[in-house]
Amino acid sequence: MADENPVGLSLEQGIAILTLQREKQLNALNRELLLSLSQHLETLAALPELRVVVLQGAGRAFAAGADIGQMQNLSAVEATAFAKLGQQVFRQLELLPQPTLALIQGYALGGGLELAMACDIRMAAEGTRFGQPEVSLGVIPGFGGTQRLPRLVGRGNALRWLLSGELLEAQQALAIGLVTDVVAPAELLDRGRALAEKLAQLAPQALASVKRAVDLGSGAPLEQGLNLEAALFGLCFATVDQQEGMTAFLAKRKPVFSGK
Ligand code: HXC
């Protein structure tokens, strides 16, 4: 049966919360969920007041992977198209100019971990289990795992977990830099909100430029990356928020950023 709203969206004070809500299937990512996520991202991209995007899973998982039932009988051509669909939607998420924060609890497996890796910041609840178990299903990650995992945690760590398909505990994920914060499960939402609220107070164009410099620079030779950084740094000086930030500092007051 089709889920009516596989992804929920709420927006309050510039903070959007996207919630995967195929709870009974541990938020397994099927085509409908990916399309729903994509539609929400399109809506969000058009909102001038948007400051931060939070992504979470309802129930007892962030997401337990791509939907195995939906994938089982795909042809090679259909499987490629499914991988490309997920990759496109995750890239759409990654390219949002606003910071994105994944709040991860329960399980982040396969496509679920790939989705979390397309976010800028990953905060996890103690007890969460992570992994790319695709090889145990006779396949490989298809939503970016073989590309983003080594970029995040280095080739050695990535191959350790990609090849074995074993699951990592939250503390292991923290140790290799797959997540940056591990908190008590009951605190995940509050801690996530607090960070989101902090990010929402910062200068949006500066945050967007940080993302752009990191995204475009990470695959580029150092010289190109440095040139890009200098150009983006210079562009900050065409914003009202640069004046506000520096004036406020010198006046020993808190800046109020307008996004201009
Ligand atoms: C479809 C899934 C699912 C998945 C869980 N479910 N994961 N359905 N696809 N990825 C369903 C179960 O079938 C079950 O449905 C319900 O959710 C609850 O799951 P249980 O297995 O009963 O729960 P539990 O015993 O607690 O085990 C939790 C779990 C296990 C360890 C997370 O569900 C699990 O191993 N899931 C699969 C993990 C995985 O291999 N992920 C990678 C998928 S491949 P019913 O109807 O029985 O209640 C992938 C490729 C990405 O992600 C790239 C694609 C291009």
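Observations
- So residue 29, is it farther than 23 Å from residue 204 by Cβ, touching a strand residue (DSSP E or B) at 6+ places or on another chain (Cβ under 6 Å) and surrounded by 22 or more Cβ atoms within 10 Å (Cβ to Cβ): yes
- Scanning the stretch 8-28 for residues that are closer than 26 Å to residue 51 by Cβ and within 16 Å of the ligand (Cβ to nearest atom) yields 20, 21, 27.
- Spans of helices (runs of 4 or more DSSP H) in the stretch 158-252 with at least 1 residues in contact with a helix residue (DSSP H, G or I) (Cβ under 6 Å, 6 or more places away or on another chain) and surrounded by 12 or more Cβ atoms within 10 Å (Cβ to Cβ): 170-176, 204-218, 222-236, 240-250
- Each residue in the stretch 183-214 was checked for being closer than 19 Å to residue 95 by Cβ and not aliphatic (A, V, I, L, M), and 5 of them qualify.
- Contact map, the stretch 92-114: residues that are closer than 19 Å to residue 142 by Cα and open to solvent by 10 Å² or more (accessible area, probe 1.4 Å) paired with residues that are within 16 Å of the ligand (Cβ to nearest atom) and in a loop (DSSP other than H, G, I, E, B), Cβ distance under 6 Å, separation 6+ or inter-chain. Pairs shown: 94/118; 107/61; 107/64; 109/64; 109/65.
- Output for the stretch 61-91, where each listed residue is in contact (Cβ under 8 Å) with a residue 60 or more places away in the chain, of a type outside the set (Phe, Trp, Tyr) and under 29 Å from residue 189 (Cβ atoms): 65, 66, 68
- Conditions (1) over 16 Å from the mean Cα position of the chain (by Cα); (2) hydrophobic (A, V, I, L, M, F, W, C); (3) within 26 Å of residue 197 (Cβ to Cβ): number failed by residue 95: (1)
- Identity of the residue in the stretch 139-157, closer than 25 Å to residue 81 by Cα and among the charged types (D, E, K, R), that ends up surrounded by the fewest Cβ atoms within 10 Å (Cβ to Cβ): 151
- Of everything listed in (1) open to solvent by 40 Å² or more (accessible area, probe 1.4 Å); (2) more than 20 Å from residue 125 (Cβ to Cβ); (3) free of Cβ contacts under 8 Å to residues at least 40 places away in the same chain, the single unmet condition for residue 23 is (2).
- Members of the stretch 140-163 that are without any contact (Cβ under 8 Å) to a residue 24 or more places away in the chain and under 27 Å from residue 69 (Cβ atoms): 140, 146, 147
The values are calculated or read from the model by the stated rules, or taken from the named source; none is laboratory data. What you are looking at is a predicted structure, and each value in this text was computed from that prediction instead of being measured. Backbone-built Cβ (ideal geometry, glycine too); neighbour counts: all protein chains shown. Areas reflect the complete protein model, heavy atoms only, side chains present, ligands, DNA and RNA absent. Shrake-Rupley method; radii C 1.70, N 1.55, O 1.52, S 1.80 Å.
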